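First the structure, in the form of structure tokens, and then the observations on it.
Values in this text are rule-based calculations from the coordinates and carry no lab data. Quick caveat: nothing in here was measured; it's all calculated off a predicted structure. As a convention, Cβ positions derive from the backbone with ideal geometry for all residues, glycine included, and neighbour counts pool all protein chains shown.
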């Protein structure tokens with residue numbers, strides 16, 4: 001579910017970026033607002049499966065990493081080496097959060 005919430009962020013941020021570049025008309029901001037209205041519904045669907053703390057962290061990590069990658073590869077934005085290292089750390093953090101406690105221990 002965190003990936004779904006992050007997908008909303010990716011689409012909404014991309015629309016806002018295109019509006020700022022004058023590639024989309026400002027009226028397209030309504031689409032971003034409507035997408036963001038879905039976030040509480042998606043969070044509510046996820047809460048029976050994961051704590052709000054972990055869901056929020058995963059949502060933010062996935063969103064941040066994917067939006068940064070879209071910015072670099074789709075929107076052709078430049079990124080410094082230090083910021084690239086931050087993205088890599090975010091990917092490692094997502095990997096760590098994706099395992100249940102004790103997943104690496106021997107049975």
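GNM on the chain, C-alpha springs below 10 Å: top fluctuator among 14, 64, 80?
Highest fluctuation among the options: 80.
Taking the Cβ-Cβ separation of residue 95 and residue 73 as r and a Förster radius of 22 Å, what is the calculated FRET efficiency to the nearest 0.05?
0.60
Taking neighbour counts of Cβ atoms within 10 Å as a proxy for exposure, in what order, fewest first, do 7, 51, 63 appear?
Ranking 7, 51, 63 by Cβ neighbours within 10 Å, fewest first, gives 51, 7, 63.
Report the normalised scattering of the chain as log10 I(q)/I(0) at q = 0.12, 0.16 Å⁻¹, calculated by the Debye formula with identical scatterers on the alpha carbons.
The Cα Debye sum returns log10 ratios of -0.50, -0.81.
Roughly how tilted is helix 81-97, in degrees to the nearest 10 and between 0 and 90, from the longest Cα axis of the chain?
50
Once every DSSP H run of n ≥ 4 in the chain is given -39500 (n - 2.57) and the sum is divided by its residues, what mean residue ellipticity at 222 nm do you get, rounded to the nearest 500 deg cm²/dmol?
-22500 deg cm²/dmol
Given a cut-off of under 8 Å on Cα pairs at least six residues apart, what relative contact order in percent is computed for the chain?
Relative CO of the chain lands at 32 percent.
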